[in-house]
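For reference, the structure discussed in these notes is given below.
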Amino acid sequence: MSTQTKMMYKLPYAGLKKYKMFINNEWVESASGEVLKSVNPFTGKVWAEAPSGNDEDINLAVSAAKEAFENGEWSRLTGSQRGKLLRKLGDLISENAELLAVTEVVDNGKLIREMLGQAKGLSEWCYYYAGCADKIHGESIPVEIPNMVAYTVREPLGVVGAIVPWNSPLLLTLWKLCPALASGNTIVIKPSEVTPASLLELARLVEKAGFPPGVVNVVTGYGKSAGAALSMHPDVRKIAFTGSTETGRIIIKNSAEHFSKVSLELGGKSPNIIFEDADLPNAVNGVLAGVFAATGQTCMAGSRVLIQSSIYDQFVEVLVNRTSEIRLGNPLDMDTEMGTVAFEGQHQKVLSYVEIGKQDGAKLLHGGKRPMTDELKNGFFVEPTIFGDVTNDMRIAQEEVFGPVVCLIRFDSEEDAIRIANDTKFGLAAAVWTKDVQRAHRVAPKIQAGTVWINNYRKVSHQTPFGGYKASGLGRENGMQAINEYTQIKTIMIDTGNVITDPFKVL
Ligand code: NAD
């Protein structure tokens, strides 16, 4: 793909891009003929259209996925054959990383500087789960019943529905698709209505990799129509959902109808705890990475920074200075450090939280406005925003903003820090900054969160489980743990010599 200048990337085509969706290895319009419009958040203009699927399209996709699971070529493949297809997909993702990255940037305003690396890294999920595909097995259990052999097998669930948000469509889809396919399931993916494009580009690579028809389907559409239809479908045996806590609640209710399995990756209000003995320059960078990277639109955003009182003033001064140097700009420019908020509704929501913070009595130390320079005025930008003197009961400290807004909260003692960190309905992630190894080990187990980083922030790996405590979710993605989420256990017991003499005395 060509670059405009040394550091500016662009799409390999001009004009309005018209996408079709991917059902049973065919590229189709929606049954209703309706389309979604995707707005580039940097220009504020529509750049792509995708079909707006509803329950009719979901029914088609689910029945293709069911047929592929029960009777198709896919159902006869061995684990290592499934692994080979996943490996091929990984290779294609690496080869097409630039197109995937640029598409996602144009769709949601994420930085090319982050997305290029992320898109290349996505293939690691394919390779890791390709390696798992032929190592999924049960165990032999020495039961204490005479002449009885017992073992378990781990079986796929069937059709998986994956519903994903707009902030990281590719990454969060690969977290589901790779373990689901490695385990032998088939999948119907429903991208966010705000960002349909990158997952349709991914579907092109799925097709090229040679997955049989019906194994992977992508139905674009709104949550209330396509998403709801998928989560309520009787033939969907598991819903893997990433999105808001409110929608997660609806997904669980919908799953109750058919007792389908559910995993939920939801919101957060994660504490980033800075002790007085931390490496301060490193901790400042960790705070910036935690909340301003991805313009704060990450579930694991370190949006509450807890700072020990003895270093509060010194830390805040450095943080504000460093924040004032953040370069806002075109997300496709490699030099840009912070991009836009993903769409207009989210932009308004973030700015409304700035007002809420002021009304609550927090001290606005930096940002808080929409920048109106010639370069930035058309985009959904919000200045990196810092609120000081926040107390943990304020709304901006308790509610997920999902934007570049950070709350600074003072604490005095270790116990104080742990209490404030856990005083939230969420529990997705946390970080502890200290040079004291004993303190690090004392504090980490006491934090109610699915991931705790020590002296770093926002690092995830395909090898380590990720998920939330409390209102941040159910189940875990990544690592070997994810295979459990996409399989079910069957116990098989074989009698090797008992004679049933009394049918009414089983035990
Ligand atoms: P959202 O809940 O509005 O939408 C997520 C997905 O659900 C979209 O595809 C949407 O179309 C669909 N949806 C909406 N209503 C639905 C319904 N009634 N039935 C079925 N599907 C429906 O979330 P969002 O605004 O797209 O994403 C932001 C949220 O995602 C934030 O809360 C963020 O914290 C969370 N998130 C969590 C993680 C994690 O791993 N924990 C990662 C990224 C984002």
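The values are calculated or read from the model by the stated rules, or taken from the named source; none is laboratory data. What you are looking at is a predicted structure, and each value in this text was computed from that prediction instead of being measured. Here the Cβ positions follow ideal geometry from the backbone for every residue, glycine too, while neighbour counts run over all protein chains shown. Calculation scope for accessible area: heavy atoms of the full protein, side chains included, ligands and nucleic acids excluded. Shrake-Rupley method; radii C 1.70, N 1.55, O 1.52, S 1.80 Å.
For residues that are surrounded by fewer than 19 Cβ atoms within 10 Å (Cβ to Cβ) and outside any helix (DSSP H, G or I), tally how many sit in the range 334-349.
Of the residues in that region, 3 qualify.
What's the total number of residues in the range 29-68 that are buried (at least 17 other Cβ atoms within 10 Å of the Cβ) and of a type in the set (Val, Ile, Thr)?
Residues meeting the conditions: 4.
Quick one: which strands (runs of 3 or more DSSP E) sit completely within the range 20-71 and have at least 2 residues that are assigned by TED's automatic domain parsing to the domain that holds Arg82 and charged (D, E, K, R)?
Output list reads 45-51.
Could you go through the range 166-180 and let me know if any residue there is aromatic (Phe, Trp, Tyr), closer than 30 Å to His347 by Cα and either touching a Ser or Thr at 6+ places or on another chain (Cβ under 8 Å) or in contact (Cβ under 8 Å) with a residue 24 or more places away in the chain (or both).
The answer is yes, given that some residue of the range 166-180 is aromatic (Phe, Trp, Tyr), closer than 30 Å to His347 by Cα and either touching a Ser or Thr at 6+ places or on another chain (Cβ under 8 Å) or in contact (Cβ under 8 Å) with a residue 24 or more places away in the chain (or both).
For the range 441-480, which residues satisfy the criterion of being open to solvent by 10 Å² or more (accessible area, probe 1.4 Å) and assigned to a helix (DSSP H, G or I)?
His441, Arg442, Ala444, Pro445, Lys446, Lys470, Ala471
Taking Tyr13 as meeting all but one of (1) outside any strand (DSSP E or B); (2) touching a residue at least 12 places away in the same chain (Cβ under 8 Å); (3) over 24 Å from the mean Cα position of the chain (by Cα), write down the number of the exception.
With (1) outside any strand (DSSP E or B); (2) touching a residue at least 12 places away in the same chain (Cβ under 8 Å); (3) over 24 Å from the mean Cα position of the chain (by Cα) applied to Tyr13, the lone miss is (2).
Check whether at least one residue in the range 277-284 is within 13 Å of the ligand (Cβ to nearest atom), small (Gly, Ala, Ser) and at pLDDT 95 or above, and report yes or no.
No, that holds for no residue.
When you scan the range 220-270, how many residues do you find that are of a type in the set (Val, Ile, Thr), open to solvent by 20 Å² or more (accessible area, probe 1.4 Å) and more than 10 Å from the ligand (Cβ to nearest atom)?
Residues flagged as of a type in the set (Val, Ile, Thr), open to solvent by 20 Å² or more (accessible area, probe 1.4 Å) and more than 10 Å from the ligand (Cβ to nearest atom) within the range 220-270 amount to 2.
Tally up the residues in the range 295-346 that are in contact (Cβ under 8 Å) with a residue 40 or more places away in the chain, under 27 Å from Asp107 (Cβ atoms) and not aromatic (Phe, Trp, Tyr), please.
28
Of the residues that sit in the range 295-329 and are crowded, with 24+ Cβ neighbours inside 10 Å and of a type in the set (S, T, N, Q), which one is nearest to Met8 (Cα to Cα)?
Only one residue fits best here, namely Thr295.
Look at the range 14-38 and say how many of its residues are in contact with a strand residue (DSSP E or B) (Cβ under 8 Å, 6 or more places away or on another chain) and more than 20 Å from Leu99 (Cβ to Cβ).
Final tally of qualifying residues: 9.
Has the range 197-219 got any residue that is near the ligand (Cβ under 9 Å from one of its atoms), open to solvent by less than 20 Å² (accessible area, probe 1.4 Å) and polar (S, T, N, Q)?
Checked the range 197-219: no residue is near the ligand (Cβ under 9 Å from one of its atoms), open to solvent by less than 20 Å² (accessible area, probe 1.4 Å) and polar (S, T, N, Q).
Please go through the range 492-507 and give me each residue that is under 27 Å from Glu155 (Cβ atoms) and open to solvent by 90 Å² or more (accessible area, probe 1.4 Å), ordered by number.
The answer is Met493, Val506, Leu507.
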